[in-house]
Amino acid sequence: MRTVFKTSYDADINLFKHGHQVGWYMALLVLSIVLPFLLDTFWLGEMTNVLIWSIAGMGLMILVGQTGQASLGHSAFLAIGCYANVLLQDPIGLPFILSFPLAGLIAGVAGALIALPMSRLHGIYLGIGTLALAILADDLIVIAEPLTNGVVGLIPPTISIFGLEIDRYGSPARFYWMVLVVAVAVVLVYRNLLRTPLGRSFSAVRDSEVSARAMGVNVAKTKSVSFAISTAITGLAGALMGHFAGIFNNETFNLIISIQLLLMIVIGGLGSIHGAFFGAFVVALLPQAIAISRDFVGGMFGGGTVAIPGLESAIFGALLILFILFEPMGIYGRWVKVRTYFELFPFYRRDMFRRQKSYLKTERMR
């Protein structure tokens with residue numbers, strides 16, 4: 001077991017707990033960089049998809065996991081980032097290196113404007129309000145056909161960065177590395193955000209709005225800023241999704257995507273960066289796992305493969321129910337328990353991770 005003694009405030013807010021943790025993360029980064037040399041084109045595309053979902057998951061995690069504000073409308077901001085990125089490139093003519101961050105900024109501004117009325121809502125009412133955003137965005141894309149091309153959709157142009165062309169199909173390794181750079185940058189921004197007073201305000205609002213207000217936290221402003229940062233990161237993921245898909249329309253960013261995003265971070269583990277990545281692996285690779293299993297079973301019994309409608313949604317829903325019942329902390333929470341067991345063995349206590357059911361009387365009716 002490794003014991004870390006924190007003797008200063010700087011030690012408490014360090015990015016890494018100790019040197020060995022730095023080594024593990026550096027090894028993971030090196031493995032991520034050399035992955036295109038280890039995988040074929042198909043699986044490299046799947047890993048790229050995992051990274052894109054991870055970025056979207058981190059965007060939603062800031063709002064839900066860190067600030068405690070439920071959202072079922074983040075598919076709208078995926079769409080805003082995607083359409084803004086493509087429209088800024090064509091017909092406006094901006095290069096990708098400018099259109100990409102501007103797409104995130106536009107999604108963030110849209111999120112901040114929407115957060116002004118939404119910050120007054122709590123719990124299920126906030127969820128319903130954001131749910132309406134996802135439905136409204138789908139209709140607006142169709143209505144704004146002269147700009148969005150309606151149900152026909154748009155085709156994103158080939159990415160060009162300082163003369164280097166990047167395309168998912170033409171140069172999958174370059175596209176993967178570009179997405180990896182964005183994912184690492186988002187992780188660093190997220191991790192550093194948690195060390196700031198703003199990040200601590202997020203946690204205070206999540207734990208108790210009444211207590212946060214008593215400590216001088218501007219709850220409405222904190223929620224709005226959290227919404228803006230969350231939607232900005234989600235907009236960046238939407239821009240990458242557009243280039244990954246190759247063509248997109250209003251059905252690409254439907255209500256199911258919003259629900260899938262929320263379930264993803266719950267399964268992965270709320271309130272942690274690791275949870276966004278674990279959940280992204282489940283969402284991105286589950287369809288492939290189902291397809292491989294179906295082919296394997298069909299080959300074993302000598303029959304053809306039969307596609308079962310709704311099988312993916314059913315398995316995903318079953319996974320969610322199982323995690324809520326038996327592991328509310330998600331995949332990352334289970335990993336922490338297993339790691340702690342081996343670190344503390346034989347002194348591990350069975351109930352050391354038991355959930356606390358106490359809460360403030362002032363917030364029982366919220």
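The values are calculated or read from the model by the stated rules, or taken from the named source; none is laboratory data. A quick note: this is a predicted structure, and the numbers were derived from the prediction, not measured. Please note: Cβ atoms are built from the backbone with ideal geometry, for glycine as well, and neighbour counts cover all protein chains shown. With ligands, DNA and RNA removed, areas are computed over all heavy atoms of the protein, side chains included. Shrake-Rupley method; radii C 1.70, N 1.55, O 1.52, S 1.80 Å.
Just add up the charged neighbours of Tyr176: K/R +1, D/E -1, any other residue whose Cβ is under 12 Å from the Cβ of Tyr176.
Taking every Cβ under 12 Å from that of Tyr176, the sum is 0.
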* Asked: What list of whole percents do you get for P(r) of the stretch 176-318, with Cα-Cα distances grouped in 5 Å bins up to the one holding the largest distance?
  -> 2, 7, 12, 17, 17, 14, 11, 8, 5, 3, 2, 1, 0, 0
* Under a 5 Å amide H to amide H cut-off, with H placed in plane at 1.01 Å, what residues pair with Ile159 once short-range neighbours are removed? -> Ile166
* Max mean-square fluctuation residue, GNM over the chain, Cα-Cα springs under 10 Å, options Val34, Val50, Val179 -> Val34
* Solution diffusion estimate, µm²/s, Stokes-Einstein, the stretch 148-248, Kirkwood Rh from C-alpha pairs, 37 °C, viscosity 0.692 mPa s -> 202
* Asked: What is the ratio of the Cα radius of gyration of the stretch 1-107 to 2.2 N^0.38 Å, where N is its residue count, to two decimals?
  -> 1.47
* Structure fact -> For the stretch 121-136, Karplus-derived ³J(HN,Hα) couplings (6.51, -1.76, 1.60; θ = phi - 60°; whole Hz; x for glycine and proline) come out as 9, 9, x, 5, 5, 5, x, 5, x, 6, 4, 4, 4, 5, 5, 5
* **Relative contact order computed over the chain (Cα-Cα under 8 Å; 6+ residues apart), in percent** => 28
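Quick one: compute a quarter of the convex hull surface over the Cα atoms of the stretch 16-70 and quote it in nm².
5.1
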* Of the accessible area of the chain, with the probe set at 1.4 angstrom, what percent is carbon plus sulfur? -> 68
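Considering Cα pairs under 8 angstrom that are at least six residues apart, work out the relative contact order of the stretch 1-136 and quote it in whole percent.
Relative contact order here is 23 percent.
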* Accessible-area order (highest first, 1.4 angstrom probe) of the listed residues Leu133, Leu113, Leu121 -> Leu113, Leu121, Leu133
* Dividing the convex hull volume of the alpha carbon atoms of the stretch 36-184 by its residue count, what do you get in Å³ per residue? -> 131
* **Counting all C-alpha pairs of the chain, share separated by more than 28 Å (%)** => 49
* Add +1 for every Lys or Arg and -1 for every Asp or Glu among the other residues with Cβ under 14 Å from the Cβ of Ile114, and state the total. => +2
* Asked: Across every pair of different alpha-carbon atoms, what Kirkwood hydrodynamic radius in Å does the stretch 55-107 reach?
  -> 11.8
* **the chain - accessible surface per residue (Å², probe 1.4 Å)** => 54
* Structure fact -> Check: in the chain the Lys pairs 8 or more apart or on separate chains whose Cα atoms fall under 29 Å apart number 9
* Asked: Under a 5 Å amide H to amide H cut-off, with H placed in plane at 1.01 Å, what residues pair with Gln69 once short-range neighbours are removed?
  -> Val64
